[in-house]
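A quick write-up on the structure given underneath.
The values are calculated or read from the model by the stated rules, or taken from the named source; none is laboratory data. In this text the structure is predicted, and so the values were computed from the model without any measurement. Please note: Cβ atoms are built from the backbone with ideal geometry, for glycine as well, and neighbour counts cover all protein chains shown.
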Amino acid sequence: MLLLAGLGNPGPGHANQRHNIGFMAVDEIVRRHGFGPWRARFQGLMAEGSIAGEKVLALKPLTYMNNSGQSVGEARNFFKIAPQSVFVIHDELDLVPGKIKVKLGGGHGGHNGLRSIDAAIGKEYWRIRLGIGHPGDKDKVLAWVLNDFAKVEQQTWLVPLLDAVARNFDILLKGDDGHFMSKVSAAVFPPPPKKPKPEKPVAESESASPSDSQE
């Protein structure tokens with residue numbers, strides 16, 4: 001049994017904000033893999049399903065971002081799930097928009113949602129970092145993460161990213177995090193088409209007929 005938590009803030013006013021990309025990703029995974037309905041549990045919303053033969057509990061904490069660990073900790077403790085079987089999807093300022101990084105364990109990097117989860121269950125859980133980019137000024141970070149994604153962001157990389165994460169999530173659950181990241185990255189940033197090789201020039205015929213001699 002695995003626990004998959006997407007991080008965000010509750011309420012319609014936060015639904016389309018950059019800070020809520022974790023909620024968005026989990027919603028798409030639940031939709032694509034046909035999970036059951038969302039139900040109120042563990043200070044959040046939980047839906048149950050299976051991916052690649054594994055039972056997965058999807059969780060969206062409703063505690064607000066800074067207290068995400070309260071919800072994740074309650075669910076993990078109730079089901080006695082090892083931290084290594086907990087997957088957390090969250091926004092990442094230090095990745096360019098659309099980039100993805102996956103890592104088991106590590107630090108919170110200043111992310112208050114991860115800081116709360118670290119305190120509740122320790123650090124040895126999977127972190128799925130979805131890049132939202134940085135505004136370039138630390139004084140603008142709060143406004144940046146609490147603003148909605150622009151339409152151009154949604155069209156160019158957000159929708160393809162969420163689709164690719166959900167479509168390929170079974171690869172990650174099978175333990176191949178490198179392949180998972182490669183598949184997602186290729187979907188969001190497809191390589192440029194290869195240029196066709198130039199055709200080889202056709203050699204001119206050297207079989208000209210000799211002229212008839214005239215006497």
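Let's see how each residue does on (1) closer than 19 Å to Val88 by Cα; (2) assigned to a helix (DSSP H, G or I):
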site	(1), (2)
Leu158	yes, yes
Val165	yes, yes
Gly175	yes, no
Lys197	no, no
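Among the residues of this structure, Pro160 counts as one that is under 18 Å from the mean Cα position of the chain (by Cα) and in contact (Cβ under 8 Å) with a residue 60 or more places away in the chain. Assessment of the stretch 116-124 against the conditions (free of Cβ contacts under 8 Å to residues at least 40 places away in the same chain and not in a loop (DSSP other than H, G, I, E, B)) yields no matching residue.
Which pairs turn up if I take residues in the stretch 64-93 that are within 21 Å of Lys174 (Cα to Cα) and without any contact (Cβ under 8 Å) to a residue 40 or more places away in the chain and look for partners that are among the aliphatic types (A, V, I, L, M) and surrounded by fewer than 16 Cβ atoms within 10 Å (Cβ to Cβ) with beta carbon separation below 9 Å, at least 6 apart in sequence or on another chain? Correct list of pairs: Lys80/Met1.
The residues of the stretch 98-109 that are assigned to a loop (DSSP other than H, G, I, E, B) and buried (at least 19 other Cβ atoms within 10 Å of the Cβ), listed by number, are Gly98, Lys99. The residue that is nearest to Pro190 (Cα to Cα), counting only those in the stretch 134-161 that are surrounded by fewer than 18 Cβ atoms within 10 Å (Cβ to Cβ) and in contact with a Phe, Trp or Tyr (Cβ under 8 Å, 6 or more places away or on another chain), is His134.
At least 1 residues being touching a His at 6+ places or on another chain (Cβ under 7 Å) is the threshold, and among the strands (runs of 3 or more DSSP E) wholly inside the stretch 1-56 those reaching it are 44-51. For the stretch 139-162, the set of residues classified as under 21 Å from Glu28 (Cβ atoms) and acidic (Asp, Glu) consists of Asp148, Glu153, listed by residue number.
Any residue at all in the stretch 60-77 that's closer than 28 Å to Asp94 by Cα and part of a strand (DSSP E or B)? Yes, the stretch 60-77 has at least one match.
The set of residues in the stretch 24-38 being touching a residue at least 24 places away in the same chain (Cβ under 8 Å), farther than 10 Å from Gly6 by Cβ and not basic (Lys, Arg) consists of His33 alone. Scanning the stretch 111-120 for residues that are of a type outside the set (Val, Ile, Thr) and closer than 18 Å to Asn20 by Cβ, we see that the one that is surrounded by the fewest Cβ atoms within 10 Å (Cβ to Cβ) is Asn112.
Under 9 Å between Cβ atoms, at least 6 apart or on separate chains: pull out the pairs that start in the stretch 39-59 with a residue that is farther than 10 Å from Leu3 by Cα and surrounded by fewer than 17 Cβ atoms within 10 Å (Cβ to Cβ) and end on any residue that is aromatic (Phe, Trp, Tyr) and modelled with pLDDT of 95 or more. Partner pairs satisfying both residue conditions: Arg41/Phe78; Ser50/Phe35; Ala52/Phe169. When you look at Val86, is it buried (at least 20 other Cβ atoms within 10 Å of the Cβ) and either of a type in the set (A, V, I, L, M) or under 17 Å from Gln17 (Cβ atoms) (or both), yes or no? Judged against the criteria, Val86 is a match.
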